[in-house]
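To start, the structure under review is shown below, and the notes come after it.
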Amino acid sequence: MEIKEVKFIKGITGTDPILKSKRPQFAFIGRSNVGKSSLINKLLGQKNLVKTSAQPGKTKEINFFLVNKKIYFVDLPGYGFAKMSQKQREKMRKMILWYFISGEPKINKVILIIDVKAGLKEFDREMMAVLQEYAPKYNYDFLIAVNKIDKLSQKKLYQNLKIIKQELKEEKKIIPVSAKTGRGVPKLLETIFAK
């Protein structure tokens, strides 16, 4: 799909009429500081549509972007930002989980973004368990974008990807990318829109 037009529609924190829209939703989730906003901007061919910040944890709502007047790219808050209070973190966690397990949104596909340098963390594992359980129940698919591949040598990249693939056991769904250089982005876009 060629992306010609993108527009921010709204941010939500719970039940909202936009969830009932017949437009399919492509949801992006990842820990804070994983490069989620940068990757979404790269996929959409935008520079600053999705606000990136030097301070992780800036996204506090579930943000909807209308793409080609047909589909939504949904930017969920990053999870695990240390400077948030425990109460705020728990509130964010519940909102993220609600989106995936409530059955309200019309989710088409979920893109879980993992930092290839940091490897799998507790939140990544929790999200994988949620997706593996609820994706079949609500009839949506998911894939894993392993970001920041430009930060590692080929040898280290190969080692880290191997560890991630072994643990996740979802090899076909793992796509290495760099939001910075654009490497792997065409393949990720193609996979996102594949039927």
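The values are calculated or read from the model by the stated rules, or taken from the named source; none is laboratory data. These numbers were taken from a predicted model, which means no experiment stands behind them. A quick note on method: Cβ atoms are made from the backbone with ideal geometry, for glycine too, and the neighbour counts reach across all protein chains shown.
Tabulated data
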| quantity | calculated |
| --- | --- |
| Residue in the stretch 92-117 that is modelled with the highest pLDDT, counting only those that are under 13 Å from residue 62 (Cα atoms) and among the basic types (Lys, Arg) | 94 |
| Subset of the stretch 59-80 [within 17 Å of residue 11 (Cβ to Cβ) and either modelled with pLDDT under 85 or acidic (Asp, Glu) (or both)] | 59, 60, 61, 75, 78, 79 |
| Residue that is over 14 Å from residue 112 (Cα atoms), modelled with pLDDT of 95 or more and surrounded by fewer than 20 Cβ atoms within 10 Å (Cβ to Cβ), where the choices are 195, 162, 156, 169 | 156 |
| Any hit, the stretch 126-144, residues being in contact with a helix residue (DSSP H, G or I) (Cβ under 9 Å, 6 or more places away or on another chain), in a helix (DSSP H, G or I), under 21 Å from residue 175 (Cα atoms) and in contact (Cβ under 8 Å) with a residue 40 or more places away in the chain | yes |
| Selection from the stretch 112-125 of residues that are of a type in the set (Val, Ile, Thr) and either under 15 Å from residue 170 (Cα atoms) or assigned to a helix (DSSP H, G or I) (or both) | 113, 114 |
| Output for the stretch 145-171, where each listed residue is within 17 Å of the chain's Cα centre (by Cα), assigned to a helix (DSSP H, G or I) and not β-branched (Val, Ile, Thr) | 168 |
